[in-house]
Amino acid sequence: MGRKFEINPIKFLYFFGISCFIYLIKKPLAKDWLLVFFIKSYYASLVDNLVVKRGYVQYPTRFQTSVLFDYILFPITCVFYNQLTKDSRIIQCLLKVLYFSIPMTMAELWLEKNTRLIKYKNGWNWTTTFYSLSFSLLLVRFTMSIIRRIFDNKYDLS
């Protein structure tokens, strides 16, 4: 597909991502959601940098990493996942991660097949994407549960 076709959805997704971010920070527990957002951004940039340097994924654009995905869309998705699972048990968290990882995997697979925005290499495929997205969402959820426990115990005056 043409370069213009690829630029228009990217512009839309940037606008959509910024709008979602503004919406998220207005919700209750904004400090928690900002923390999730920044933890996810940090994890995503580390993993994406490693995956690109090892040659599993290539972004044939001027950026070596997908700034839109790593620093806006994936962290926002992770915040939504954490909001959805805030009071959920482990089994519920495992099931609800599918609500996010399946559509994201399908979208990335479509982009890989139909655009020049991302290319899989060296054995990377949609199942690897699915597992890495799912694990990443669960890792941030687990990290936040540990942080909440530490701070709840630290400030529990009873």
Open item on the list: Run the reach check for LYS40 against lysines, Cα to Cα strictly under 17 Å, same-chain hits fewer than 8 apart removed. What comes back?
Closed with: LYS31, LYS86
Open item on the list: Quick check on the chain: what are the equivalent-ellipsoid semi-axes from the Cα gyration tensor, as sqrt(5λ), descending, whole Å?
Closed with: 30, 17, 14
Task: Förster radius 22 Å - calculated FRET efficiency between ARG89 and PHE142 (Cβ-Cβ, nearest 0.05) - done: 0.95
TODO: Using a Förster distance of 22 angstrom, determine the FRET efficiency expected from the C-beta separation of TYR42 and ILE18, and round it to 0.05.
DONE: 0.70
- [ ] Can you tell me the 0 to 90 degree angle between the C-alpha axis of helix 126-154 and the longest principal axis of the chain, rounded to 10?
- [x] 20 degrees
- [ ] Could you provide, to the nearest whole Å², the per residue accessible area of the chain with probe 1.4 Å?
- [x] 65 Å²
TODO: Specify the angular offset, from 0 to 90 degrees and rounded to the nearest 10, of the alpha carbon long axis of helix 90-114 from the longest principal axis of the alpha carbons in the chain.
DONE: 20 degrees
Open item on the list: For the pairs LYS26/LYS96; LYS11/LYS113; LYS27/LYS53, flag any whose C-alpha to C-alpha distance is greater than 25 Å.
Closed with: LYS27/LYS53
- [ ] Kindly express, to the nearest 10 degrees and within the range 0 to 90, the angle between helix 30-53's C-alpha long axis and the longest C-alpha principal axis of the chain.
- [x] 40 degrees
Open item on the list: If I compute solvent accessible area with a 1.4 Å probe over the protein chains, what percent of it on the chain is carbon and sulfur?
Closed with: 67 percent
TODO: Please work out the Cα convex hull volume for region 69-130 and give it in Å³ per residue.
DONE: 88 Å³
Task: Sum of -39500 (n - 2.57) over DSSP H runs of 4+, divided by residues of the chain (222 nm, nearest 500) - done: -25000 deg cm²/dmol
Open item on the list: For the full complex of protein chains and a 1.4 angstrom probe, list LEU50, LEU137 by accessible area with the highest value first.
Closed with: LEU50, LEU137
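The values are calculated or read from the model by the stated rules, or taken from the named source; none is laboratory data. Fair warning: this is a prediction, and the values are worked out from it, not measured in the lab. Note: ideal-geometry Cβ built from the backbone for every residue, glycine included; neighbour counts use all protein chains shown. Heavy atoms of the whole protein, side chains included, go into the accessibility calculation; ligands, DNA and RNA do not. Shrake-Rupley method; radii C 1.70, N 1.55, O 1.52, S 1.80 Å.
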